[in-house]
């Protein structure tokens, strides 16, 4: 962390255009980040321990998830199941976005 601070590294600027690409509620963003963290830690542990069976992989997955949940509780952060639910489901948002694209006059890169 000291190295990052010394280089005046700004984490907010790391992906400046992401919010322009996909607009999502903060609660969804937090859940996605937590899941990506859990997945990355599980993958790393599987590589380190050279796990080869599904049963062992599942055990590792649950141990990692339990440790992350315990850390969240210790820090006093909100667990995923306690986050407020969005007003619209993903299916509804997806349909709305597809509808917008259909009626948009902008040519998509995929259409070129």
Pick from 77, 70: which is modelled with pLDDT of 85 or more, in a helix (DSSP H, G or I) and closer than 18 Å to residue 37 by Cα?
70
Residue list for the range 51-67, restricted to those being over 19 Å from the mean Cα position of the chain (by Cα) and part of a helix (DSSP H, G or I)
54, 55, 56, 57, 58, 59, 60, 63
One residue is enough: does the range 22-45 have a residue meeting the conditions at pLDDT below 60 and farther than 17 Å from residue 81 by Cβ?
yes
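The values are calculated or read from the model by the stated rules, or taken from the named source; none is laboratory data. The shown structure was predicted, so the numbers you read here are calculated from the model rather than taken from an experiment. In this analysis, Cβ positions are derived from the backbone assuming ideal geometry, glycine residues included, and neighbour counts consider all displayed protein chains.
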